[in-house]
1. Enumerate the calculated ³J(HN,Hα) couplings along the stretch 141-154 in order (Karplus 6.51 cos²θ - 1.76 cosθ + 1.60, θ = phi - 60°), each rounded to whole Hz, writing x wherever the residue is Gly or Pro.
2. DSSP loop (so not H, G, I, E, B), at most 12 other Cβ within 10 Å: list which GluC sites (Glu not before Pro) in the stretch 72-168 pass both filters.
3. Could you state how much accessible area Ile489 has, in square angstrom rounded to the nearest 10, with a 1.4 Å probe and all protein chains kept in place?
4. With unit charges on the beta carbon (Lys/Arg positive, Asp/Glu negative), name the residue among Gly286, Val606, Gly463 whose Cα is farthest towards the positive pole of the charge dipole of the chain.
5. Pick out, in residue order, every one of the trypsin sites (Lys or Arg not before Pro) in the stretch 536-636 that is DSSP loop and has at most 10 other C-beta atoms within 10 Å; say none if there are none.
6. For Glu96 and Glu423 in one chain, what is 0.36 nm times their gap in residues minus the Cα-Cα distance, to one decimal in nm?
7. Rounded to the nearest 0.05, what FRET efficiency do Lys219 and Lys53 give with R0 = 22 Å and r taken as the Cβ-Cβ distance? Could you check?
8. Need the list of lysines near Lys392 for cross-linking: C-alpha distance under 22 angstrom, and skip anything on the same chain fewer than eight residues off.
Amino acid sequence: MKYYITTPIFYPNSSPHIGTAYTTVAADTLARYHRLLGDNVHFLTGTDENAQKIVRTAEAHHTDPKIYVDGVVDRFKELWKALDISFDDFIRTTEERHQKVVQQIFTKLYEQGDIYKSEYSGWYCTPCETFWLENKLIEGKCPNSDCGRDVELLKEESYFFRLSKYQDALLKFIDEHPEFIQPVSRRNEMIRFIEGGLEDLCVSRTTFQWGIKVPFDPKHVVYVWLDALINYISALGYPDGENYQQYWPADVHIMGKDIVRFHAVIWPIILMALNLPLPRAVYGHGWYLTKDGGKISKSRGNVQDSFELIQRYGSDAIRYFLLREMQVGTDGTYSEDNVVERINSDLANDFGNFISRSLAMVVKYRDGVVPGSRQNGPLEQELNVLSQEVKKAVEESLNGCDPASALEQIWHFVARCNKYVDETAPWALAKQEDQRDRLDTVLYTFVECIRIMAILTAPFMPGLPPRICPLLGKDERLIRWEEADQWGIIEAGTRVQKGEPLFPRIDVSQYTTAGETKTVNQDQNQALEQIEEHVPALEFEPIKEEISIEEFAKLDLRVAKILSSEKVEKTDKLMKLEVEVSGEVRTVVSGIAKHYAPEDLVNQHVVLVANLKPTKLRGIMSQGMILAASQGEVLEVLTVNKDLPGGARVK
Ligand code: MSP
């Protein structure tokens, strides 16, 4: 299946901010999700450069518009890179590939009578790049809810596009395609707007020259919105480019609510006039507002440097915040406190902690080797069913362009997994020899749950798979969407690692909202903290009385190679070893039988106290002692590199 998704093209009159980033992060998430489904995805973004406000801003900077936008466009590209945006194409409306298509379409619409010449007399809001009739103004200002700025009176010769002619056809299309304008609240708004009557749209300007020239009347430049909307097909190489054949119509145009009107009215009418298929969906999300309710925007001066934020918290955390906080059909509130809160509660406490805590237990109780699972019970069955439900719900949410509820579902699974840890209490199972199989099952289930989380979160936080997969001893081929509700994918015997915490907690005491925010990563490993809560504190043997270096020098420690090994009959602790040291073979009896299988010791190079007085143990003369480290139930024989021969000194 092909999947074509677009963001709006952004005005490069100022650098992008965290509010503008939402659309692009959301589109990227959908693009990544569809790639995981195996779809042939095309993801387009770009910049809208032929606007009057670009000319104004460049003038204010005493520079040429093209030089000015080149600089800002670089900032957009850098931000998208920092946020891991995987676009397939980036279109600039100053590119020739775009300009020639706009000119071709303008000429065609003129020739077929859908564009005609007349005179515009009315108002224009340059920040919104919108024409307004006198009766729409509010107290003489721009009526856009987030604008309210001064408008200018225009009286100039212009070309007009016959929107009115297509009004009924558009209403009929919207009626027959309920999924065309989403969510439903925007659809209703648009229907009311169209039913209110469409005026023909002024589509050219003569009072400035920056823009795409009307080819047959070059004192006119094409109105920026007509020009901009065409990017969605010019980038594909309309009319006969291979990409156009392959990807048009778009599966979804995603954008903020302020510009749905252009995409749900002007754009479909352009396409109808050209007799081209209409996009399948136009999705209008809310805005990110500040805590005091204002829209985040450069002109309001409430914009925080997005690069700094990403550097401080990481791209995945910022993406998570943006996607999680904006509920469908409503606005989201942005503040750095909210970001920190989401990181600490959802990412560090719930998600990261489950992963590091459960991997730490596999390391602690099974030396990092994933055990086989033989005792699945009702709890495992419940997780299995939940993973199926969650995968389905995530798919439905993403099909409806609703990343927030998709994440909510995933976190439902994360919460259930954390509860599973408490319910199964692996630290208690580890103390009971007859619970070995049950502990194996629990540890195996942990690893499967992490795998499922890694898959489900991959489209939202693309930085995670390269960090989580190696912990599971796998590469990113583990991220297979179709396996997000399957169990038994990780093989027993796989080696896992505990790794660094994925999302270190932000120390709130170090954090101020006063602008100069400082964050300190708490370095403690949460997993260990959690485990240690349930394991009694370690009791160490007291350190013995001091000895002199001469006394130490009396010990003759040597490397010894183990030639053979067998358990001493009728004991469960003692192992009889034949070792080679300085060209002779000795017998050593060692109390390590509970911790090693005899065959695991053969060919190991261990450390032998070679001058210890021989002693008889269970009737066997033991000629020395091998060194081992131990604490509580854990014991490990000290081994050295095999290049050191038996007999080498240890000092
Ligand atoms: N150039 C036009 C789009 C042309 S598409 C053919 C434009 N550009 S814009 O740069 O002003 O805005 C681009 C997108 O950013 C819009 O979808 C707008 O809603 C979104 N946002 C700008 N500020 C935003 C927030 N504070 N929050 C969420 N989205 C925001 O419009």
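The values are calculated or read from the model by the stated rules, or taken from the named source; none is laboratory data. Predicted model only: the values in this text are computed from it and were never measured. All Cβ positions, even for glycine, are placed from backbone atoms using ideal geometry, and neighbour counts span all protein chains on display. Heads up: the accessible areas ignore ligands, DNA and RNA and are worked out on the full protein's heavy atoms, side chains in. Shrake-Rupley method; radii C 1.70, N 1.55, O 1.52, S 1.80 Å.
1. The phi angles translate into 10, 4, x, 4, 4, 9, 10, x, 8, 5, 10, 10, 7, 10 Hz.
2. Here the GluC sites (Glu not before Pro) that fit, given the DSSP loop and packing criteria, are Glu139.
3. Counting only protein heavy atoms, the figure is 40 Å².
4. Val606
5. Here the sparse-neighbourhood loop sites are Lys544, Lys554, Lys570.
6. The span from Glu96 to Glu423 would gain 111.4 nm if fully extended.
7. That gives a FRET efficiency of 0.55.
8. Lys2, Lys419
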